[in-house]
Amino acid sequence: MTDVVSIKGLSKQFGRIQALREVSFTIPAHSIFGLLGPNGAGKTTLFSIVADFLKADAGSVEVLGVDTRNITQLRGRLSILPQDAQFQRNVPILDQLVFFRLLADRTLSEAREEVVQSLEMVGLQSVAKRRIGSLSHGMVKRLGIAQAFLGQPEVILLDEPTAGLDPANARQIRDLIKQLQSRATIVVSSHNLAEIQELCDRVAIMDHGKLVLAGSVDEITRSDRQFDLRLSRPLTEEELARLCDLDGVREVREAAVSVVGASQGGADYAVRLDLSDGRVDQDAVTTALLRSVLDMGVTPRGFTEGRSLEAQFLELTGDAGSVVA
């Protein structure tokens, strides 16, 4: 698979704060790539350098084979949606977006056609003549997506595209992103780990300006898959040991809180798997584990897939952050 974004040895310092520390990774074509990290990890700084809003102290970024220090060569091919994208509140939607396309050397008819198509894509064609100030927060977010999609760019950077949205609007945005994967490479920065795990096929995890892990979601979570299990009674130490001896089972421990629904007399367990050696798959391990539980005379009462990417993220980064995003 061809890489369309290549980041090599990227470093950036603001005074005494090292925002990026020799960050290097690549992004394959037509992937939905998640950029994860706590506050202060350096995600926004990295986005800003890729878009040439900021200059790096060291290292380089290439997008579609072009060094982004020559950003004008990527005009129309690279698009970015900042987290807090702003629009003129008292100017109609259609007029604003058409103006943006005129700045990109489109004719008036070409600009209007592109804008109408983009607004239809995000479901805002019926409010095209309304002013921004009359739109809901969710509609403004979708408008930002429409702007990022104008001109059919080949690489799109989306910084926290669903932040502050209710579940229904966030789902609409995720669906739009998935629809565009066939024609563009999309990089999504987000704090929503469950969303990234659902949406992205590859991720990079950053912490305090450093890249701590990068790869496919499957590769990253394979070594630490987990789920929550409610049983009809607590297990003995001997029974716990028997489950931990199963191939692919890393740990079985009593959960600190009920995670799959309370039931009088029952017990909750957190189960962690390790499938990294490839000898067994998740279905085989969970089947063997549930069969063993039944052989012990214990009835499974609940089974919930865990957020393994979240577990991996928290293990790598902890809760710390700083003032640089």
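The values are calculated or read from the model by the stated rules, or taken from the named source; none is laboratory data. In this text, all values refer to a predicted model and were calculated from it rather than measured experimentally. Reconstructed Cβ throughout: ideal geometry from the backbone, glycine too, with neighbour counts over all protein chains shown.
State which residue pairs qualify: first residue on the phi > 0 side of the Ramachandran plot and inside segment 135-153, second residue of a type in the set (Asp, Glu) and assigned to a helix (DSSP H, G or I) in any location, beta carbons under 7 Å apart, and separation of 6 or more residues or different chains.
Taking only residues 6 or more apart or on different chains, the pairs are Gly151/Glu114.
Among the numbered criteria (1) modelled with pLDDT of 80 or more; (2) over 31 Å from the mean Cα position of the chain (by Cα), which one does Gly302 miss?
All conditions pass for Gly302, except number (2).
Out of all the residues in segment 177-188, is one or more more than 27 Å from Leu10 (Cβ to Cβ), among the hydroxyl-bearing types (Ser, Thr, Tyr) and touching a His at 6+ places or on another chain (Cβ under 8 Å)?
Yes, the conditions are met somewhere in segment 177-188.
Among the listed residues Val252, Val203, Val187, identify the single one that is modelled with pLDDT of 85 or more and over 27 Å from the mean Cα position of the chain (by Cα).
None of the others qualify; the one that does is Val252.
If you check Asp3, Asp95, Asp84, Asp67, which single one turns out to be free of Cβ contacts under 8 Å to residues at least 12 places away in the same chain and in contact with a Ser or Thr (Cβ under 8 Å, 6 or more places away or on another chain)?
Going through Asp3, Asp95, Asp84, Asp67 in turn, the sole match is Asp67.
Would you check if Leu157 is under 17 Å from Leu81 (Cβ atoms) and free of Cβ contacts under 8 Å to residues at least 60 places away in the same chain?
Judged against the criteria, Leu157 is not a match.
What strands (runs of 3 or more DSSP E), lying completely within segment 9-128, carry at least 2 residues that are surrounded by fewer than 17 Cβ atoms within 10 Å (Cβ to Cβ)?
17-28, 58-63
Look at segment 175-203 and say how many of its residues are among the hydrophobic types (A, V, I, L, M, F, W, C) and under 14 Å from Asp159 (Cβ atoms).
The qualifying residues number 5.
Can you pull out the residues in segment 216-235 that are closer than 19 Å to Phe25 by Cβ and part of a strand (DSSP E or B)?
Answer for segment 216-235, where residues must be closer than 19 Å to Phe25 by Cβ and part of a strand (DSSP E or B): just Ser216.
Would you point out which residue out of Leu165, Leu193, Leu211 is modelled with pLDDT of 85 or more, in the same structural domain as Thr44 (by TED's automatic domain parsing) and not hydroxyl-bearing (Ser, Thr, Tyr)?
Of the residues listed, the single one that is modelled with pLDDT of 85 or more, in the same structural domain as Thr44 (by TED's automatic domain parsing) and not hydroxyl-bearing (Ser, Thr, Tyr) is Leu211.
Of all residues in segment 255-276, how many are modelled with pLDDT of 65 or more and either assigned to a loop (DSSP other than H, G, I, E, B) or not assigned by TED's automatic domain parsing to the domain that holds Leu229 (or both)?
Matching residues across segment 255-276 total 5.
With the structure loaded, tell me whether Thr286 is exposed (fewer than 14 other Cβ atoms within 10 Å of the Cβ), modelled with pLDDT of 80 or more and not assigned by TED's automatic domain parsing to the domain that holds Leu211 or whether it fails that test.
no
Assess whether Leu243 counts as being in contact with a Pro (Cβ under 8 Å, 6 or more places away or on another chain), modelled with pLDDT of 85 or more and not assigned by TED's automatic domain parsing to the domain that holds Lys43.
Judged against the criteria, Leu243 is not a match.
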